[in-house]
Amino acid sequence: MREDRETEARFLSEVWARLEEVPDPELDEPITAMGFVELVSLRDGGRVEVDFRLPTYWCSPNFAFLMAEGIHREVSALSWVERVDVRLHDHMFAEQVNEGVNGGRDFHEIFRELSDGTDLAELRAKFEEKAFQRRQECVLLALRASGVPPETIVAMTLDDLGRLVFEAEDARMQLPRYRTLLVARGLARFGTDPAFRTWSGAPLTADGFADHLQRLKSVRLNMEFNGALCRGLKRARYHEHTAGDEEPTLVDFIRGRVPARHAGAAV
């Protein structure tokens, strides 16, 4: 019996670890950190049920589908899992999303009348670009905060990136995530390749460094504003506790008072 409990605890831990790899596509934050996942249940025969909710009843079906699809994909990757049932609750298209994702149907098949030709591949690419920019900015700001000059930063290689160690929690988290997208995008393949490029592949230059950081800052502020909005709507909808002093509110963003841990030592 004890072994059964230990195995169940290990399996649950593994599922939650996979769920941490599923981001809110617009915010590049794990759905677990956003509080979207309500319940994980283990059933006989390697079956896993994941229940989740979004901040509003009318959240974009594109986003809802991407997150449900991500949950199904990540949890299914576990070797002991035989079946995954994803259950979106309290959403205007919950039934369609659940039936589609669990039945292996694509977005266009489910929302043919509502998609207006929306290409989810293009949407994923758009969000991936924003995620890349946000992660890169965090690494760049951490380097600047450590006193590394722009000339040295733009000359860094993929090997140099692998030797970096940051004390700040956000920078420690974003460094490997940035490297993953850098390599996946094909912007760096070998150890001597530049560590910092734009999404289109252009290498960063010392002369354009400040302007590049300003562009990244605008992307990040937009994403964090949306994140604050989502958290606020979710708290209001489900009567959750109010934000603490460390949690940014919409007023913080409007007045430019974003806490340091969210702004990443904003410039």
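Coordinate-derived values only; no laboratory data. Please read all numbers here as calculations on a predicted model, not as lab measurements. Backbone-built Cβ (ideal geometry, glycine too); neighbour counts: all protein chains shown.
Side notes on the structure shown:
- FRET efficiency, M92 to Y238 (Cβ-Cβ, R0 22 Å, nearest 0.05): 0.85
- Distance between modelled label sites at D159 and A125, nm, 7 Å Cα→Cβ extension: 3.3 nm
- The charge dipole of the chain, taken about its Cα centre with unit charges on the Cβ atoms of Lys, Arg (+1), Asp and Glu (-1) only, comes to about 600 debye.
- Simple point charges give the picture: +1 on the Cβ of Lys and Arg, -1 on the Cβ of Asp and Glu, and for the range 48-111 a dipole about the Cα centre of about 100 debye.
- The distance between label points at R144 and F63 comes to 2.8 nm (points 7 Å beyond Cα on the Cα→Cβ vector).
- When shorter helices are ignored and each DSSP H run of at least 4 residues is given -39500 (n - 2.57), the per-residue value for the chain at 222 nm works out to -16000 deg cm²/dmol.
- Among I110, I31, I71: highest mean-square fluctuation, GNM of the chain, C-alpha pairs under 10 Å: I110
- The range 8-151: C-alpha gyration tensor shape, a/c 1.5 cut-off, then a/b vs b/c: oblate
- Full-stretch length increase - F190, Q214 - with 0.36 nm per residue and alpha-carbon distance subtracted: 5.8 nm
- Shape of the range 10-95, Cα gyration tensor, a/c cut at 1.5: prolate
- Low-density loop positions, GluC sites (Glu not before Pro), the range 109-188 - DSSP coil, at most 15 other Cβ in 10 Å: E113, E167
- The overall shape of the chain, judged from the alpha-carbon gyration tensor, is prolate: a/c is not under 1.5, and a/b is greater than b/c.
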